[in-house]
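The values are calculated or read from the model by the stated rules, or taken from the named source; none is laboratory data. For clarity, every value in this text was computed on a predicted model and none was experimentally measured. Cβ placement follows ideal geometry from the backbone for every residue including glycine, while neighbour counts extend to all protein chains displayed. The area values use the complete protein model at the heavy-atom level, side chains included, leaving out ligands, DNA and RNA. Shrake-Rupley method; radii C 1.70, N 1.55, O 1.52, S 1.80 Å.
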Amino acid sequence: MTNPVIVEVTRGGRVESRHRGSAIVVDADGKTLLSFGDVDTPVFPRSAAKAMQALPLVESGAADACGFGNRELALACASHSGEREHADLAAKMLAAVGRGETALECGCQWPMDQNATIALAKSGADPSQLHNNCSGKHAGFVCAACHLGIDHAGYINYDHPIQGMIRDVMTDLTGAHFGVDNCGTDGCSIPTYAIPLTALAGGFAKMTSGKGLEPQRATAAKRLVEACMAEPYYVAGTKRTCTRLMKTLPGRIFAKTGAEGVFCAVLPEEGISIAVKCEDGTQRAADATVAALIARYLDTDADTRAALMAQANRTLKNWNGIEVGTIRIVENQDLR
C-alpha cells in the first residue's frame, strides 16, 4: 500500500517537499474511527511508548515507596530536553533509592534544548547521562529494580527482568508480539519492538479507558497519563511539541512523540487514541499531522481548534525573520 501525502512544505508559492504517512484513530473500545495509509505494517514506536514502559514503576509499588508525584511520573514517561529542571529531577529520582548517575545506562547526551546546551558548555561541564532525554525513563527502571530487590545492572538488556516486565505490559496493552525477531535497539539502548500502528493506538485506548485491563493496571495507567497532562513541561520541555499541545488545553490532551516520525496522542474525555507514522521519519510532518487529528476529534470550542490547527499549519521564516513558506496539512478530508 502506498501511503498518501499528508504534509507539504512550500517555498515561493511552490511545493518544495512532500511527506507521506499513515495514521489511525480509535475509540475507547479500540474500534477504528479513521485510518489512512499502511497502519498494519509494523513500525518501531520508539519513545512514543514510554508511558507504557513506565507502568512497572507504578505497578511494582516503587513510585509510591519513593514518594513520587506527578513530576517524577511525567519524567519517567519523558523525552525531555535536558534542561536543568529535568536533569535535577532525574538525579532526585535516583537518590530516592540511594543511587546516582552511574546507575544509568542510557549514555551521555548534550541537552536537546539549545539554551541548556550553551549554559552547560559555558560552565565548562561535560554532558552527563542525566541530560540524556531518556534519563527519567531509565531512572524509573532503576527505581523499580531496586524496589523489587533486583540487581539493576544490565537493565537495558533484553533478558533483564525489567525488560521482561515491560514486554508483558506491552503485550497486554497492545495484543502485539514482542520477541527477539521483531526487536531492535533504541537510541537509549533498551529494546524497542516493531508493532503495527493499529496495536499502538489500541494500547493507548486501553491505557486511558482501562477496558480489558486488570484493575491495578488500569489505575496505574490512568495515573501515568494524568501525571503527564498535569506536568507537560517534564514530558518534553521548552518549545517542544508535546508540551505545547498539552498546554493548549490542560488536562484534555496527552501527547507523546517518538523518533523517526512516530507520534501518539490521547483525548481521555472523548475516548480517542491516535497513532501516526511519517514514512520518511520527519518529525515536522508527524507534529503537523497529530495536531490536525487532535483538532478534528477534540470536543472543544472553535478558538482551541484554531489554535491546534495553527500548530499543524505553520509559517516558515528564515534567519532574518522573513516569511519564506509554510508547513501545511494537505487538503484532505481525513485530516480536517
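Taking only Cα atoms, what is the 0 to 90° angle, nearest 10, from helix 197-209's long axis to the longest principal axis of the chain?
For helix 197-209, the angle is close to 70 degrees.
Quick one: plug the Kirkwood hydrodynamic radius of region 1-114 (C-alpha pairs) into Stokes-Einstein at 10 °C, 1.306 mPa s, and report D in µm²/s.
Estimated diffusion coefficient is 89 µm²/s.
Would you be so kind as to identify which of ALA90, LEU57, LEU73 lies farthest towards the positive end of the dipole of region 20-111, taking Lys and Arg as +1 and Asp and Glu as -1 on Cβ and the Cα centre as origin?
Most positive-ward Cα: ALA90.
So what's the projected area for region 192-336, the Cα convex hull averaged over all directions, in nm²?
For region 192-336, the mean projected area of the Cα convex hull comes to 9.9 nm².
For region 257-312, what does the accessible surface come to per residue with a 1.4 Å probe? Please give it in Å².
Details: 1760 Å² over 56 residues.
I get 31 Å² per residue for region 257-312.
Could you work out the helix-only [θ] at 222 nm for the chain, with each DSSP H run of four or more residues adding -39,500 (n - 2.57) and the total divided by the number of residues, to the nearest 500 deg cm²/dmol?
-11500 deg cm²/dmol
What is the dipole size for the chain, taken about its Cα centre, with +1 at each Lys and Arg Cβ and -1 at each Asp and Glu Cβ, in debye to the nearest 20? Show your work: numbers first, answer last.
On the way: 33 positive and 37 negative charges, 164 e Å.
It comes to approximately 780 debye.
Can you pull a Stokes-Einstein diffusion coefficient for region 68-128 at 4 °C (1.567 mPa s), Rh from Kirkwood over Cα pairs, as a whole number of µm²/s? Walk me through the intermediate numbers first.
Details: Rh = 12.3 Å.
Answer, rounded: 105 µm²/s.
So what's the net charge close to VAL225: Lys and Arg +1, Asp and Glu -1, counting the other residues with Cβ under 13 Å from its Cβ?
+4
Given a Förster radius of 51 Å and the C-beta distance between LEU316 and LEU148 as r, what FRET efficiency does 1/(1 + (r/R0)^6) yield to the nearest 0.05?
0.55
With a 1.4 Å probe and all protein chains left in place, how much accessible area per residue does region 130-240 have, in Å²? Don't jump to the answer; show the numbers that get you there.
Numbers: 3980 Å² over 111 residues.
Ligands and nucleic acids excluded, the figure is 36 Å² per residue.
Identify all lysines with a Cα-Cα distance to LYS122 below 20 Å; exclude those on the same chain that are fewer than 8 residues away in sequence.
Filter leaves no residues.
For the chain, take the longest principal axis of its alpha carbons; what is the angle in degrees between that and the long axis of helix 302-312, to the nearest 10 within 0 to 90?
80 degrees
Dipole magnitude of region 1-118 about its Cα centre, charges +1 at Lys/Arg Cβ and -1 at Asp/Glu Cβ only, in debye to the nearest 20?
Once rounded to the nearest 20, the dipole reads 360 debye.
Using a cut-off of 13 Å between beta-carbons, work out the net charge of the residues near ILE190 (Lys and Arg +1, Asp and Glu -1, ILE190 not included).
+1
State to the nearest 20 debye the size of the charge dipole of region 63-168 about its Cα centre, where the only charges are +1 on K and R beta carbons and -1 on D and E beta carbons. Walk me through the numbers on the way to the answer.
Working: 7 positive and 12 negative charges, 28 e Å.
Here region 63-168 has a charge dipole of around 140 debye.
With respect to the cross-link table entries LYS50/LYS317; LYS92/LYS211; LYS211/LYS239; LYS206/LYS239; LYS211/LYS256, which display a Cα-Cα separation exceeding 26 Å?
LYS50/LYS317; LYS92/LYS211; LYS211/LYS239; LYS206/LYS239
With a 1.4 Å probe and every protein chain kept in, tell me what percent of the accessible surface of the chain is carbon plus sulfur.
48 percent
Using square roots of five times the C-alpha gyration tensor eigenvalues, list the equivalent-ellipsoid semi-axes of the chain in whole Å, biggest first.
Computed over the chain, the values are 31, 24, 18 Å.
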